[in-house]
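Below is one structure; the comments refer to it alone.
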Amino acid sequence: MSKTIKKIGVLTSGGDAPGMNAAIRSVVRTCAYHNIGCVGIYRGYQGMIEGDFKEMGPRSVNNIVNKGGTILKSARSREFMTPEGRKKAFDNIKKAEIDSLVVIGGDGSFTGAEVFNSEFDIPVIGIPGTIDNDIFGTSFTLGYDTALNTVIDVIDKIRDTASSHNRLFFVEVMGRDAGHIALNAGIGAGAEEILIPESDLGLERLLDSLKKSKLSGKSSSIVVIAEGDKIGKNVFELKDYVESNLPEYDVRVSVLGHMQRGGAPSCFDRVLASRLGVRAVETLLEGKSNFMVGILGDKITLTPLEQAIKGHSEIDRELLRVSEIMSI
Ligand code: F6P
């Protein structure tokens, strides 16, 4: 017998991502549409342990669809990894009469939701929110499209100075241990080389490629490197290595860092967030639990949370080939 859902708790967890606010807004307003309660849980699972809650209505989420970050804040909670911490959280949500949860975050956040559900039988639905796009079961995670556009905007600016000074730039981008941002933004920004953990270019091939670029008449180059790349050297060591082996290159490094996590969400991310929020709430109302809502093709889909957590989001090999051809 599925539970009757009367009040949904919503939280954001893990690294923040543009579009999280649009998703919060969608969850809150979908609850109002269905005349059920909604409670904002601040600072992820840590706020659940501390009872940091706020009743949310349609007006609570005015003017946030276009805002980066998350009004509910985010945090990583070590205490939630303990049974005692999870019990405190459970006692708090029971006291607040919260009977189900929508968790907006990445695979780590979904793992916490799975454990919490298994211990306390609270229905949970995940919304994939991370710029890394590294979650199985969805073609896009919230924030990824916005991060790509941020990165290509910055690389376009770097290209101006690289070409003015005939320089080689190594640009390091985020993605944790996935290369989706590097590969797609690298192609979009016209990078001469793209280094990602999923495809080990190797130092010798990198040098060879840079030599060919020079010989082909390129006076400046951009190499995009994913922070999780396994080429064996960090981006600053790579600079020194290239300078010592290719003295004809004047090399600089730019580590983009957390700017990739900010900014107004793109229209794509706002629309995706709105669609995922509706589906998350209505999936709970259908009496379902332990799913992640996502998008495959242009359809909003459900993936069992366990698969989303354990699955691996593959790099598109066709895209790799495109990047090789474009850097001729
Ligand atoms: O998972 C999103 C992400 O931005 C990764 O790309 C990055 O490696 C990590 O978070 C950084 O974590 P923190 O915000 O804790 O420094």
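Only the coordinates and a few stated rules stand behind these numbers; no lab work does. Treat the numbers as computed from the prediction; the structure is a model and nothing was measured. Glycine gets a Cβ as well: all are built from the backbone with ideal geometry, and neighbour counts include every protein chain shown.
Taken about its Cα centre, the chain carries a charge dipole of about 1080 debye when Lys and Arg each add +1 at the Cβ and Asp and Glu each add -1 at the Cβ.
Sorting LEU215, LEU319 by the number of Cβ atoms found within 10 Å of their own Cβ, with the fewest placed first, yields LEU215, LEU319. Count Lys and Arg as plus one, Asp and Glu as minus one, and take only other residues whose Cβ is under 14 Å from that of GLU84; the net charge is then 0. Note on the chain: dipole from Cβ charges, positive end direction compared against GLY202, GLY257, GLY19; the farthest Cα belongs to GLY19.
No disulfide-compatible partner, judged by a Cβ distance under 4.7 Å, exists for the following cysteines of the chain: CYS267. Shown here is the pair-distance distribution of the chain: with all Cα-Cα distances grouped in 10 Å bins from zero up to the longest one, the shares run 6, 26, 29, 18, 13, 6, 1, 0 percent. Beta-bridge orientation, the chain: approximately 25 percent antiparallel, per DSSP, counting only bridges with both partners inside. Under the classification rounded if a/c is under 1.5, otherwise prolate if a/b is larger than b/c and oblate if not, where does the range 278-317 fall, given a ≥ b ≥ c as square roots of the Cα gyration tensor eigenvalues? Oblate, because a/c is 1.5 or more while a/b does not exceed b/c. The ranking of MET48, MET259 from fewest to most other beta carbons within 10 Å of each one's beta carbon is MET259, MET48. The order of the peptides 301-309, 81-89 by mean Cβ neighbours within 10 Å, most packed first, is 301-309, 81-89.
Based on the alpha-carbon set only, what is the convex hull volume of the range 181-228 divided per residue, in Å³? List each step's numbers first, then the result.
Values: hull volume 3.3 nm³, N = 48.
Roughly 69 Å³ of hull volume per residue.
Where both bridge residues fall in the range 145-261, DSSP classifies roughly 5% of the beta bridges as antiparallel.
From least to most packed, judged by other beta carbons within 10 angstrom and beginning with the fewest, ILE127, ILE315, ILE135 follow the order ILE315, ILE135, ILE127. When every Cα-Cα distance of the range 20-137 is counted in 10 angstrom steps from zero, the calculated P(r) takes the values 13, 47, 34, 6 percent.
When only alpha carbons are used to place a centre, the range 81-122 and the range 214-276 end up 37 Å from one another. The value of relative contact order for the chain, using C-alpha pairs under 8 Å at least six residues apart, is 24 percent.
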